[in-house]
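These notes concern the structure reproduced below.
The values are calculated or read from the model by the stated rules, or taken from the named source; none is laboratory data. No experiment lies behind these values; they were computed from the predicted model shown. Cβ coordinates were reconstructed from backbone atoms using ideal geometry, including for glycine residues, and neighbour counts include every protein chain displayed.
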C-alpha cells in the first residue's frame, strides 16, 4: 500500500465524514484538519495513530522498521488489554544503525521478520514504516511480500511515516492496511443473522469487556473487534458481519465507508460511555438488525441493568451533583463523555472538538447548551484560561494534560489510552463515578492549595470559589473504641518487651552500656533481635541472675556487673533496666542502688540511669519512654549542683540568643528520622541536644578507632548534664510527654509536643515552631522541599484514593501513620497495636485493637495494604495482600539505620514507596476486575 499524496488526500477527505455527506453544499470535499503548526504541535504523528489502531490485535507481532526512537519511546505504553496472547505487548524494532541508513535497511528488515516468525510464531507480522526508512527509500511492500511468501506467514506493510500527518491520519492508514491486506482473507466457521463488528474500540483498561456481555445477553455476536482484544483471524473474517458499529467514528471512518461499498455492510455510530448512550447502543443495534424479539430483549435488558445501576450510582450522583468540568479529548469521546458526566449530574462547561466529525460537533453543541465552550484547539495556557473562566472544578483529558492540571492544583481524570481504569458500559459508569468522586473530594486539595503557615496571608490557591476537598481535620464524632483482646494465649506476638525498648533508648547515648537486670537469656534474645534489625554490633550486658540469686536477692549481681563493666569496657554511663524476673521478685532497686553508691566510690562516681521495665506489662514503647524518663530524671545537673559550672552547655549560634534546644526523640523515630530531625533544627541556627540520638549510634557506620564494647555514638554525657541550659524542649512522639514534663519541673524549660513529623501539616507546624524559637525565617531549602512534597502528593493521590490500609504498629507510630494515610486519601481499614496510649482514642478508625498478629490477620482481611513489621510476612502471603515493612523488627530488608519518613523529604519518600506498591497492585486489580466482567461475573 503506497502512501502517495493522492492516497493521503483520499483519507483526509473521507466520504464517510459528515462534512462530505451533503453534495453541492459548502464544505464538500473539505479535508480534515491536518497540518501541524511548527512550534505549537503537541499531538501524535501518523506512526502513533497507526500503532494505536493496530497494536491491540493481540496475536500479531508489531515490528517497527526504523531507528530506536519510534519503538523505544512507545512500545508497551498502550492501555489495551488481552484475554489471551500477549505478543502484542512486546516491542519489536529493526533498530537501524548509521550503516543501515547509508546502505539501506531492507535486508535487516527481512531477517528481522524471519527471526520474529521463528522465535515467537505470531499469527502475522505487521511492519510499520517510519520517517527515516521512508526517507531512505526502503521498499516496505516488496520486503513484506517476499517475507510472507518465503516464511508462510501474513506480513502486513503499514506505511506510516510520522511526517505524513497527524495521529488521526495514522488511524486511517492503519485501517487502510487492514482493508488492503487482511479483511476478506479468511472465512468464519459459521455466520449468524446477528453478527456485528465493533470498529474503533481498543479495549483500553479492558473496558470493552464491560460491554460484550451486554451484547451477548442481547443475543448479538461480535464477529470481529477492530481492534481491541482482537485476533488476526477474526479481523480477516470481518467482511461477513451484518452490521458495523463505529465506536470511534473519525479514527476508522474509512473502514466503515469502504466496507459498506465493498461488502454491503451498513454502519452506525455509537458510544459506550454513559447510561443513555449504552441504552442507545443496545436499542439501535437491535433495530438495525431488524429483529422484533431482539428489540424486546433490548428493552428488558436495559430496564434490568439500569435499575441496578441507579442504585449503585445514587450516592455518587448526590456528591457529584452540579460539579463543573472541562473536557479536553477528541473524536467520539468529546460528546460521549459529556453524556456520561450528565448522567452523574455533572455539568460539562467546555469541551474540545479536535478529531471530531461534523456530526460529533453537532452533538457536542446540543449537549453543552448555549453557554458551553467548544474548543477547536487547546494548549496548557488555553486550558487553564478556560478552567478559570468557567470556574470549573476539574479537567478530564488525556495524560499529556495531566500535569498541566495538577501543577495548577486542579483535580484531573485521565480519559486517554494509557489509563488503567475502565469507564465503558454500565459497570464502567460505576468506576467512572468512583474515580470522579475520589479525585474531586480527595483530602489532598487543602494541603496542596494552602500556603505555608509562615507565609503572609494570601488568597486561596483553589481554582474555584467552592472548595472541592473534604477536610480530614474535622473532629471525630466519637472517640475511637479501644479493644483489648482477652485471650488465654497470644498467637504470633506483635509487641516487643519493655526491657528491649529501654535498651533501644539507652543505645542512643554515647559510650553507654545497657544493663538488663535479669537472667542472661533476657539479654541474649533482645540482643539478637536488635542485631537482626540494625545489622550492627549491639553492646548489652546482664546481671545474669541465677536460681540462687533469684531466691536470695540480686544486689550482689548488680554490684558485680557494674564493677566488671568498669574494669572491662569502662563505660562513661550505664543504663540499667529491670526485667519481669526481678520485678516479680520485688527488688527495691532505688534502695539497692543507693546502698551500692554509699559503699563503693567507683559505683558512686558512675553516672547511672535506672528504668523500671517489667516485661509482664506494657511494650517496647513503654520501656523506651521509661528509659528516657530515667535519663532526664537521674543524669542532668540542676542549678543547685555545685559540680555544674555551665561548661557543658553548647555554644550559642546566634550571639545574644539562647540556641541550645532539647529534642526528645520518641520510639517511632528510626536513626534516619533522627538525623533529619537534627538537620531541621540546625538549619535555624539552633544547637540540638537530641535524646536519645540513634542517628550516630545505629545509623550503620565504620569507626576509625580501637574497638569499644560500649556504644560508638549517641548523645554525649556532657550534653545530657547540660540539659538545664536548653532554651526549649521539642518532644517528638506522645510517649515523650512525661520526659518533657520532668525537664520542665526540674529546670522550668518550656516544651511543645509533636505526635509525629510525617505529613505536610505536622512538618509545617514543627518548622514554624523552630522559626519562632530562633527568630529566623524558614530556610529556602525547606520551602523547596515543601513544594516537592506538594507535587508528590498530587502525583500519588490517584493511587491512594479509597485504598484500605491495615496497620499493626506501636501507638506513637500508629497514630502518626494512620492520620498521614488519611490525609492523602487512604482509609484505615484496621488498626492493631501493642500497648495502651491516650492516642488510641484519637485515630481515624472506629476501633483499635490491642492484640497480636493473629488478631491482625483476622481484622486485615479485605485490605489493600498491610503496614507492620517483618513478622507479618507470612500472614501477608496467606492473605495475598502486599506488606510494607515498618516498625520493629524489620529483619528482611536492608537499610533500617538510614530509612527516613519524617520531614518533607521523608514524607515524600514514604509517599513514593507506598504509592509504588499501590500502583503495581492497581494494574493487577483492574485486570482481574475486567476479566471478571468478560466472564459475566
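Rundown of residues vs (1) in contact with a strand residue (DSSP E or B) (Cβ under 9 Å, 6 or more places away or on another chain); (2) under 23 Å from residue 824 (Cβ atoms); (3) surrounded by fewer than 21 Cβ atoms within 10 Å (Cβ to Cβ), yes/no style:
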site	(1), (2), (3)
867	yes, yes, no
886	yes, yes, no
890	no, yes, yes
894	no, no, yes
909	no, yes, yes
914	yes, yes, no
920	no, yes, yes
927	no, no, yes
932	no, no, yes
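For residue 751, state whether it is buried (at least 16 other Cβ atoms within 10 Å of the Cβ) and either over 24 Å from the mean Cα position of the chain (by Cα) or without any contact (Cβ under 8 Å) to a residue 40 or more places away in the chain (or both). Yes: the conditions hold for residue 751. Checked against (1) over 14 Å from residue 803 (Cα atoms); (2) within 23 Å of the chain's Cα centre (by Cα); (3) in contact (Cβ under 8 Å) with a residue 12 or more places away in the chain, residue 876 passes all but a single condition, namely (3). When the helices (runs of 4 or more DSSP H) confined to segment 111-209 are screened for residues that are within 22 Å of residue 80 (Cα to Cα), those reaching at least 1 such residues are found at 167-181. Against the conditions (1) assigned by TED's automatic domain parsing to the domain that holds residue 114; (2) at pLDDT 95 or above; (3) on the phi > 0 side of the Ramachandran plot, where does residue 184 fall short? Just the number, please. Against the list (1) assigned by TED's automatic domain parsing to the domain that holds residue 114; (2) at pLDDT 95 or above; (3) on the phi > 0 side of the Ramachandran plot, residue 184 comes up short only on (1). Across segment 625-632, not a single residue is classified as assigned to a loop (DSSP other than H, G, I, E, B) and at pLDDT 95 or above. When we screen 863, 872, 831 for residues that are part of a loop (DSSP other than H, G, I, E, B), in contact with a strand residue (DSSP E or B) (Cβ under 9 Å, 6 or more places away or on another chain) and crowded, with 17+ Cβ neighbours inside 10 Å, the only hit is 863. Looking across segment 213-224, just one residue is touching a residue at least 60 places away in the same chain (Cβ under 8 Å) and buried (at least 24 other Cβ atoms within 10 Å of the Cβ), and that is 220.
Looking across segment 110-152, just one residue is in contact with a strand residue (DSSP E or B) (Cβ under 7 Å, 6 or more places away or on another chain) and either free of Cβ contacts under 8 Å to residues at least 24 places away in the same chain or outside the structural domain of residue 85 (by TED's automatic domain parsing) (or both), and that is 148. Exactly one residue out of 71, 97 is modelled with pLDDT under 95 and within 18 Å of residue 157 (Cβ to Cβ): that is 71.
All conditions but one from (1) under 24 Å from residue 426 (Cα atoms); (2) modelled with pLDDT of 95 or more; (3) in contact with a strand residue (DSSP E or B) (Cβ under 9 Å, 6 or more places away or on another chain) apply to residue 259; the one that does not is (1).
Scanning segment 783-815 for residues that are in contact (Cβ under 8 Å) with a residue 12 or more places away in the chain, more than 23 Å from residue 442 (Cβ to Cβ) and surrounded by fewer than 24 Cβ atoms within 10 Å (Cβ to Cβ) yields a single hit, 783.
Regarding segment 782-805, can at least one residue be identified that is within 27 Å of residue 493 (Cβ to Cβ) and in the same structural domain as residue 844 (by TED's automatic domain parsing)?
yes
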